[in-house]
Amino acid sequence: MSNRIKPLYRKENKVSLSSKYNVRKGSEYRYERHTKAFLNDDRNHKPMNSGKHGYDYTPLFKFLLSKVGSDWDQTYSEAKARLNDPLPIFWMVALHESERRDIIRIGESSYYFGLFVDTKGKLAIVNPDITSTELPEPYPGETLSFNGIAINKADSQTDEPENTDIKNDETSEEKS
């Protein structure tokens, strides 16, 4: 067995990161690509905190979310020891009140809770009441993730629960 600590980052395939912008296909794209709304849309630009080219820090973000309520000094020292660079920690964690944000965007379509260090030195969520419905609308065919879980905005906006067919089948079997 190896006593080596598992790192909180992964090396990505650098070839797959070549898409600079969110590429839309089809003839409709030519009518909207030079509009002000398209140019001002945040999803059409690379995020400022996209990280080092070739590294995926998703394990770090999941680690930080799992440590909510824990002592910040211990959490920070453990995360720092398992990283190649401590800077990505502060993409998600705000040390000062002016830096706090409810939702953090990492990469092109990944969103996470914003975290901060409270007065007691504990890691906390800035706004725990936020749901995936407050994320921007994805482009057709785009999949968003919120806190590391892939979501489909079209499915989450339906009024009916997903398991109604199963319940109806069970009740019809009981009646017969």
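Residue-wise HN-Hα couplings along region 76-89, as the Karplus relation 6.51 cos²θ - 1.76 cosθ + 1.60 with θ = phi - 60° gives them from phi, are 5, 5, 5, 5, 4, 5, 9, 10, 7, 8, x, 4, x, 4 Hz; Gly and Pro carry x.
List the trypsin sites (Lys or Arg not before Pro) within region 87-131 that fall in a DSSP loop (any state other than H, G, I, E or B) and whose Cβ has at most 12 other Cβ atoms within 10 Å.
120
Amide H contacts of residue 70: 123, each under 5 Å away and 5 or more positions distant or on a separate chain (H built 1.01 Å from N in the peptide plane; Pro and chain starts excluded). Taking amide H as placed 1.01 Å from N in the peptide plane, the amide H of residue 147 sits under 5 Å from that of 111, 112, 113, each at least 5 places away or on another chain.
Beyond a 26 Å Cα-Cα separation, which of these cross-linked pairs lie in this structure: 67/120; 6/122; 6/120; 11/122? Too far apart for the 26 Å limit: 6/120; 11/122. Converting phi to 3J(HN,Hα) with the Karplus coefficients 6.51, -1.76 and 1.60 and the offset θ = phi - 60°, region 106-115 yields 10, x, 8, 9, 10, 10, 9, 4, x, 10 Hz in sequence order, with x at every glycine or proline.
A short reminder: the numbers here are calculations on the coordinates, not readings from a lab. Please read all numbers here as calculations on a predicted model, not as lab measurements. All Cβ positions, glycine included, derive from the backbone under ideal geometry; neighbour counts span all protein chains shown.
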